[in-house]
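The next block holds one structure in the form of structure tokens; read it before the comments.
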Amino acid sequence: MASEFGRVPFFYNTEGRLVQVDYALQAVSRGSTTIGLKTKDFALLSSQVKPTRPLLEPAEKVYVVDEHAGATGSGYIGDVSNLVDELRVAAQRHRLVYETPIDIGTLAHQLSDHLHSFTMYAVRPFGASIILAGVDELGIQLLQVDPSGTVFRGSGFAIGQHADEALETVHVGYRPDLNLDGAIALATRAIEAVNGGRTEIEHGIIRSETRRFERRPPASEA
Amino acid sequence: MASEFGRVPFFYNTEGRLVQVDYALQAVSRGSTTIGLKTKDFALLSSQVKPTRPLLEPAEKVYVVDEHAGATGSGYIGDVSNLVDELRVAAQRHRLVYETPIDIGTLAHQLSDHLHSFTMYAVRPFGASIILAGVDELGIQLLQVDPSGTVFRGSGFAIGQHADEALETVHVGYRPDLNLDGAIALATRAIEAVNGGRTEIEHGIIRSETRRFERRPPASEA
Amino acid sequence: MASEFGRVPFFYNTEGRLVQVDYALQAVSRGSTTIGLKTKDFALLSSQVKPTRPLLEPAEKVYVVDEHAGATGSGYIGDVSNLVDELRVAAQRHRLVYETPIDIGTLAHQLSDHLHSFTMYAVRPFGASIILAGVDELGIQLLQVDPSGTVFRGSGFAIGQHADEALETVHVGYRPDLNLDGAIALATRAIEAVNGGRTEIEHGIIRSETRRFERRPPASEA
Amino acid sequence: MASEFGRVPFFYNTEGRLVQVDYALQAVSRGSTTIGLKTKDFALLSSQVKPTRPLLEPAEKVYVVDEHAGATGSGYIGDVSNLVDELRVAAQRHRLVYETPIDIGTLAHQLSDHLHSFTMYAVRPFGASIILAGVDELGIQLLQVDPSGTVFRGSGFAIGQHADEALETVHVGYRPDLNLDGAIALATRAIEAVNGGRTEIEHGIIRSETRRFERRPPASEA
Amino acid sequence: MASEFGRVPFFYNTEGRLVQVDYALQAVSRGSTTIGLKTKDFALLSSQVKPTRPLLEPAEKVYVVDEHAGATGSGYIGDVSNLVDELRVAAQRHRLVYETPIDIGTLAHQLSDHLHSFTMYAVRPFGASIILAGVDELGIQLLQVDPSGTVFRGSGFAIGQHADEALETVHVGYRPDLNLDGAIALATRAIEAVNGGRTEIEHGIIRSETRRFERRPPASEA
Amino acid sequence: MASEFGRVPFFYNTEGRLVQVDYALQAVSRGSTTIGLKTKDFALLSSQVKPTRPLLEPAEKVYVVDEHAGATGSGYIGDVSNLVDELRVAAQRHRLVYETPIDIGTLAHQLSDHLHSFTMYAVRPFGASIILAGVDELGIQLLQVDPSGTVFRGSGFAIGQHADEALETVHVGYRPDLNLDGAIALATRAIEAVNGGRTEIEHGIIRSETRRFERRPPASEA
Amino acid sequence: MASEFGRVPFFYNTEGRLVQVDYALQAVSRGSTTIGLKTKDFALLSSQVKPTRPLLEPAEKVYVVDEHAGATGSGYIGDVSNLVDELRVAAQRHRLVYETPIDIGTLAHQLSDHLHSFTMYAVRPFGASIILAGVDELGIQLLQVDPSGTVFRGSGFAIGQHADEALETVHVGYRPDLNLDGAIALATRAIEAVNGGRTEIEHGIIRSETRRFERRPPASEA
């Protein structure tokens, strides 16, 4: 009897959950453990560089979006990379139209719109979450955007594998007066704790002082 | 035998219910408990700020739509946020074309059209209900719009988790001559009663006196 | 074997019935009990105002379409409301092009086209029936339009919950020389009979004398 | 095994029948019994007016298409009505372009094209058959067009409920020198025979003499 | 397991056959028995006129496409008729552009393209085969085009019910020096043999002498 | 459980094979046995002319694409014929734009693009393989293009029924210094060996000397 | 119960994996074993030329994209070939617009965008991985792009059949100071080891010295 209905363009399950979005979140939860941290002086993005096949350069895990903004992500690499492109284009378009750097909230908002639209139609939602860091008139900003288009603001985020445990470590160790070295140590500890020890990590840093987003690839790469 | 039919573009079930809309309403019923209250002097929007992960700023729950109008919602955050964008664009477009603030009924009507169109085609209905508050020539206005596009007017609304119990509390405590503090106390009581005690709540207020919608984030945020 | 065929864009069942249209009619049959009555002097639209949640204003059940025409409906409220918009636009477009009020038959015809087109493609039919009342060169007009686009003319209609019993009451009590008060009493009786007593009812009236459609909200609202 | 294939865009069954067209014909066979008759002097369209709910005006069953042409149909009323619109537009367009009345064969041909195109794509075929009567340079014309777009010419047609029995009655009673009263009597007899007695019937008549299509509503309506 | 795959836009079965095309050919094989014959002096199209309901004029079975070309077909009448329209438009377009009659091979080629395109996408193939006869610079031409778009040239074709037996009769009786009467007799024999005796047949003839395609309706029609 | 997923837009099976393309190749393997042979002096296309129904002219099996190029194919005749049209248009377009004959590699490449695009979307791949022969600045060219868009170059090809056995015969008998008569004898032997004796064969020849593609229909046709 | 949901536009499985992309990767893993190697002085592409049918020229396995860039691939040949076209067009477009050779990272990025877009909609992902080699301002570049649009950079890649074993051989034998002959020997050894001995291999070489990509077809071809 049941088989007479429900065969088609389907988005919600009977409990009102968007199932494709839930599956996309599962794709995120298999990605590299990735941390975002913020104090009023700086924001830090830190992402596990997964051990790769021999002779392979580690993948870029932290991306410069614009001079004053950067991003990292977890999930399908092709999806992360495509979303970073969206961010870069949004930032450049803003510079062209307004001749000012885009503020980080607007950047997150445009990314959210893009992600959200892929949840409304018969296409697939992106299998990636993004953490954005930057500086604008409101100071240092740190935001996370999920496959559903939900935007979070905060001082500490963790996405990817074992995100909950990693966030717990961050939470315990976080103090608003962390300096950059302390933050890097904390993020490293959080990532290594869930990955069983010494892990390659790529960092990205934006400081209220320099207002310039900088990538800091894993030591081994230098 | 039954399996020979009914496999496709399907909207109604055999009882004539729009099943995807019903599922969308389930998504709403899992959202933050959210209250709207109105007297002839003011309208109040109050929404539970769900306890979040550590280091996360509480999400914005009450939105300024235009100087004279605000909104809150319950359901998928990405959906609420997208609908608030629709409202803001509608309000700005109205100002551009008519050089007057949009009246609140028209705002609700345009939102209703937008929501309704997503119930007619092979896309998904929005998983969010919106409560709108504002002031116009008719005075203080309070309206609720549901995923099906249905618009309600009233002096008291509740949506989200345990909406029915919350509305009951509001109903019992409501008097047309409530002052703002009494209304805030009532909304707070209604939300806390269904969430087992002390709850972070974000309020939004429009007063016939000032004709200006103001957000009032949770105390803890100040 | 049967499962090898018949899986797709499907509209008719094996008996040649449009199943989605039948389901849409079921949606109508769950709506408010709604009556239309006509004599040569006036037409009356009367719709049950369902008891609502506390603090909720009763929903508008009777709509002004144009100065000389009004409508009511039963079924999904979002659908009724969308169809009333169609009617209003049709009426305004007619005034703009021809500088005369649209005649009621043409209005019903355009509504019928709109409803019919949603039965031909892989979208859903509207879950609402509409009763139209107005006055034009042919005098007082009363028409009903169903989800399939079928148009009926008559002196008495009932749609929504317990429509058949309500129509029976109307039928028994109807006389071509009813005056307005008699008609209101009859419609009220028909609606109350099937709803177990005292019921809020919104009326709409068009008189050949005034040629102006007027809403008459429930007494309690005044 | 079978279930691995054959799930989609499907039109023919394994016997090469267009199943949706067959179902549409079933919709026609549930419609009002409807007769078309032709001699060289006139054509007659006669359609059963189904007993309706009380206070309902009988539906229009015979339609003026243009001064010199009329139509009737059986099946879904919304479909019949939509097809009559197609015919009227075709007739008017012809007058605008060629400044002459459209000939009846061309009218049927355009209707056929319209119906046929709805059998080729993933939409539904119309659930209605149409009988056309008119006069042109070839004299009195009578044609039937079916959901598949098939056009028939003849002196006698029956569609709708019990069409086969009704046609048999017509066949037995038909003589090429029938006069109009005889034809009306014959059509009436054919319709009443299959409907168990006295039946409301609407007629439409085109005469070679007057070259003007005239509706003749049921006696009770006059 | 199997049910996890293979549910969609499907055209070939596992043996590499186009199943919808095969079903369309079944529709053809239920059509009127239809013969095409050619000598260097003339081509003949002959199609069974199926016994129809009483008072129905026999359907047109042979169509003039242009002065120098005609066609007949078997299968769904609406499809045959639509394809003949395609042929007529192609012929007229050629005259408009090149001011010469279209050659018969080009006519068949354009029909083939039209039919073929309906086998590539998620629509249905036409349920009709067409036999074309005409005269051009290459002399008398006879071609058959099938639902898949395949074009055949020959001196004798049979399509529709019992096509194989009918073709066998034609084959046995065919001589390149047949005169027209002999050809008509042969085609008649072939059609009647498979239909159990005396059959109404419509013929169409193109002669190298007159270069003008002429319909010859069944004797009974004259 | 499995049945909850995987119902739609499907191209690959679990082993990563394009199933519709595999089925299309099956359609090819049911076609006429068809051979392509090349030496530095000439290329030969040879295709079995399947015994047809009586009175049917054998189908064209070898096609002139342009003065310097020809093609043959195996699979669905409508598909082969449509692809040959693509080739002809490509050749003519090249002449119009560049005023030189198109080179054979480019011709094959454009055909490959066309075929490939029909494997990417929810349409069907073509059920035909094509062998192209021609001459250009690189000398005599012989290429085969398959439904997936794969292009092969070589001195000997066989497609259609029993292609493997036919290719084996060709392989054993091939010598780079074959003259044309030897090549025709070899192709004939290869085709007849797999078809149980004397077979009608159509040949097509391009010689470096004359640079002109010539069809050579079966002896019986002359 | 489960069968009531989840039947349509589906991309993720319940574990959040993109199943069509996984299947496409399986298509890649059946392709020719293909190696990419890089030192600071040169990059080498080496691809197994699978033993083909007799008389067939070995397929091109290494492609010149632009003067300074080449590519190879593994998977469906039609897909590889189509992607190489994309690369060539991107390179030419860059030259036209900027009048400089495109840098290799940009080339890979554009290929990645193209591949990624085919994972978002209801079409199929490409069944091919590509290895790109070239030289630009950053020196010698070697990149791999997968069906999901993921881009890898490295000094050694292996794709296609037994890629893991082949990469292991490369890994063991790789030294940053390999000269070209050593690299060719290493790639050959890696490919032959997994293919059971002597294998035809096509190489492609770009040297920082000459900055010109050169194909080196298998010895047997020379």
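The values are calculated or read from the model by the stated rules, or taken from the named source; none is laboratory data. Computed from a predicted model, the values in this text were never measured in an experiment. Quick reminder, even Gly has a Cβ in these numbers, built from the backbone with ideal geometry, and neighbours come from all protein chains shown. Calculation scope for accessible area: heavy atoms of the full protein, side chains included, ligands and nucleic acids excluded. Shrake-Rupley method; radii C 1.70, N 1.55, O 1.52, S 1.80 Å.
What to note about this one:
- Test: residue A:193 is away from chain B (no Cβ under 14 Å) and closer than 30 Å to residue B:115 by Cα: no
- Only listed residue being touching a Ser or Thr at 6+ places or on another chain (Cβ under 6 Å) and either modelled with pLDDT of 95 or more or hydrophobic (A, V, I, L, M, F, W, C) (or both), chosen from B:160, B:127: B:160
- Filter result for residue D:210 (more than 18 Å from the chain's Cα centre (by Cα), part of a loop (DSSP other than H, G, I, E, B), among the hydroxyl-bearing types (Ser, Thr, Tyr) and modelled with pLDDT of 95 or more): yes
- Condition met for residue D:169 (more than 22 Å from residue D:209 (Cα to Cα) and either among the polar types (S, T, N, Q) or touching a residue at least 24 places away in the same chain (Cβ under 8 Å) (or both)): yes
- Being among the small types (Gly, Ala, Ser) and free of Cβ contacts under 8 Å to residues at least 60 places away in the same chain holds for only one residue in A:158, A:185, A:163, and it is A:185.
- For the stretch G:173-194, a residue qualifies if it is of a type in the set (Gly, Ala, Ser), surrounded by 18 or more Cβ atoms within 10 Å (Cβ to Cβ) and under 23 Å from residue G:69 (Cα atoms), and the qualifying residues are G:183, G:187.
- The residues of the stretch F:10-24 that are not in a helix (DSSP H, G or I) and not β-branched (Val, Ile, Thr), listed by number, are F:10, F:11, F:12, F:13, F:15, F:16, F:17, F:18.
- Residues of the stretch D:73-82 that are farther than 7 Å from residue D:128 by Cα and buried (at least 24 other Cβ atoms within 10 Å of the Cβ): D:77, D:78.
- Residue within the stretch G:163-172 that is at pLDDT 95 or above, open to solvent by 10 Å² or more (accessible area, probe 1.4 Å) and at positive phi present: no
- On inspection, residue G:197 fails the criterion of being over 28 Å from residue F:14 (Cα atoms), in a helix (DSSP H, G or I) and open to solvent by 10 Å² or more (accessible area, probe 1.4 Å).
- Odd one out for residue G:99 among (1) free of Cβ contacts under 8 Å to residues at least 24 places away in the same chain; (2) on the phi < 0 side of the Ramachandran plot: (2)
- Filter result for residue F:105 (within 13 Å of another protein chain (Cβ to nearest Cβ) and surrounded by fewer than 22 Cβ atoms within 10 Å (Cβ to Cβ)): yes
- The residues of the stretch C:134-172 that are in contact with a Lys or Arg (Cβ under 7 Å, 6 or more places away or on another chain) and farther than 30 Å from residue C:100 by Cβ, listed by number, are C:161, C:167, C:169.
- Matching option when the condition is away from chain B (no Cβ under 12 Å), crowded, with 21+ Cβ neighbours inside 10 Å and polar (S, T, N, Q), among A:129, A:155: A:129
- Scanning the stretch B:162-182 for residues that are among the small types (Gly, Ala, Ser) and within 12 Å of chain C (Cβ to nearest Cβ) yields B:163, B:166, B:173.
- The set of residues from the stretch G:48-66 being in contact (Cβ under 8 Å) with a residue 60 or more places away in the chain and assigned to a strand (DSSP E or B) comprises G:48, G:62, G:63, G:64, G:65, G:66.
- Filter result (closer than 18 Å to residue A:38 by Cα and under 16 Å from the mean Cα position of the chain (by Cα)) within the stretch A:101-120: A:104, A:105, A:107, A:108
- All of F:134, F:70 fail the test of being over 24 Å from residue F:29 (Cα atoms) and crowded, with 23+ Cβ neighbours inside 10 Å, apart from F:134.
- Qualifying positions in the stretch F:54-82 - of a type in the set (D, E, K, R) and at the interface with chain E (Cβ under 7 Å from one of its Cβ atoms): F:57
- Every condition in (1) away from chain E (no Cβ under 14 Å); (2) of a type outside the set (Gly, Ala, Ser); (3) closer than 22 Å to residue F:88 by Cβ; (4) open to solvent by 10 Å² or more (accessible area, probe 1.4 Å) is met by residue F:41 except one, and the failing one is (3).
Let's see how each residue does on (1) over 15 Å from residue G:133 (Cα atoms); (2) surrounded by fewer than 20 Cβ atoms within 10 Å (Cβ to Cβ); (3) in contact with a helix residue (DSSP H, G or I) (Cβ under 6 Å, 6 or more places away or on another chain); (4) away from every other protein chain (no Cβ under 14 Å):
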| site | (1), (2), (3), (4) |
| --- | --- |
| G:24 | yes, no, no, no |
| G:34 | no, no, no, yes |
| G:52 | yes, yes, no, no |
| G:84 | no, no, no, no |
| G:95 | yes, yes, no, yes |
| G:98 | yes, yes, no, yes |
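- Selected residue (criterion: nearest to the other protein chains (Cβ to nearest Cβ)) from residues of the stretch C:108-118 that are over 15 Å from residue C:84 (Cα atoms) and of a type outside the set (S, T, N, Q): C:116
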